[in-house]
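S.K.: I have a structure I would like to understand better, so I am pasting it below and will then ask my questions one at a time.
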Amino acid sequence: MSTTQYVLAIFLMSLVTFLPRLLPVLLLSRRELPFSLIRWLSFIPAAVLAALLAPVLFAPAGKLNLTFSDNPGFWVSLPVFLVAFISRSLFATVLTGMGLMAIWRFLF
């Protein structure tokens with residue numbers, strides 16, 4: 001590929017990623033959204049996070065694995081989720097997860 005084709009490809013890829021972010025802002029910034037839609041949209045971050053975490057926690061090697069010795073991420077995540085639910089603090093959650101994983105690796 002020539003330099004022009006690379007530049008064109010980069011421009012088009014940036015346009016494809018920028019437009020889906022810009023269009024909703026332009027189209028919906030001056031409109032009042034219904035409460036039910038706002039409430040429904042508030043669940044999207046949690047759903048996306050769950051969709052990203054579930055395969056890693058339940059099937060780290062591509063197959064369901066809940067054994068104590070082979071899947072420490074699953075077992076460490078249980079108290080971490082509890083800390084996240086109680087504290088509602090990202091810092092406390094990350095610190096707990098890092099600390100528990102370090103302890104796990106030190107002991108096992």
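Every number here is computed from the coordinates shown, using simple stated rules; none is lab data. Just so you know, these numbers come straight off a predicted model, no measurement behind them. With ideal geometry, Cβ positions are generated from the backbone for all residues, glycine too; neighbour counts draw on all protein chains shown.
S.K.: Given the options Leu64, Leu49, Leu90, state which has the largest fluctuation in a GNM of the chain using a 10 Å cut-off (strictly under) for Cα springs.
M.R.: Sorting by GNM fluctuation, first place goes to Leu90.
S.K.: If you average the sequence gap of Cα pairs under 8 Å that are 6 or more apart and divide by the length of segment 57-108, what percent do you get for the contact order?
M.R.: Relative contact order of segment 57-108: 27 percent.
S.K.: Still on this structure, I have one more. Beyond 21 Å, what percent of the Cα pairs of the chain remain?
M.R.: In whole percent, the share of Cα-Cα pairs in the chain beyond 21 Å is 62.
S.K.: Give the residues of segment 90-108 whose amide nitrogen is closer than 17 Å to a point set 7 Å from the Cα of Thr67 in the direction of its Cβ.
M.R.: 108
S.K.: Have a look at Ser14, Ser36, Ser69 and tell me which one the Gaussian network model of the chain (Cα, springs below 10 Å) gives the largest fluctuation.
M.R.: Checking each option, the largest mean-square fluctuation is seen for Ser14.
S.K.: Could you calculate the FRET efficiency of Leu41 with Val94 from 1/(1 + (r/R0)^6), where r is the beta carbon distance between them and R0 is 30 Å, rounded to 0.05?
M.R.: 0.75
S.K.: Cut-off 10 angstrom, C-alpha nodes, Gaussian network model of the chain. Which of Leu19, Leu82, Leu95 fluctuates the most?
M.R.: Top of the fluctuation ranking is Leu19.
S.K.: Provide the FRET efficiency to the nearest 0.05 for the Leu12-Leu53 pair, computing r from the beta carbons and using R0 = 22 Å.
M.R.: Using R0 = 22 Å, I get an efficiency of 0.10.
S.K.: Also: Roughly speaking, what is the centre-to-centre gap between segment 79-105 and segment 1-66 when only Cα atoms are used, to the nearest Å?
M.R.: Each part reduced to its Cα centre gives a spacing of 26 Å.
S.K.: If a helix is a whole DSSP H run, which ones in the chain reach 18 Å or further along their own axis (Cα) and hold a mean Kyte-Doolittle hydropathy of at least -1.0?
M.R.: Within the chain the helices that satisfy the rule are 3-28, 44-58, 72-87, 90-107.
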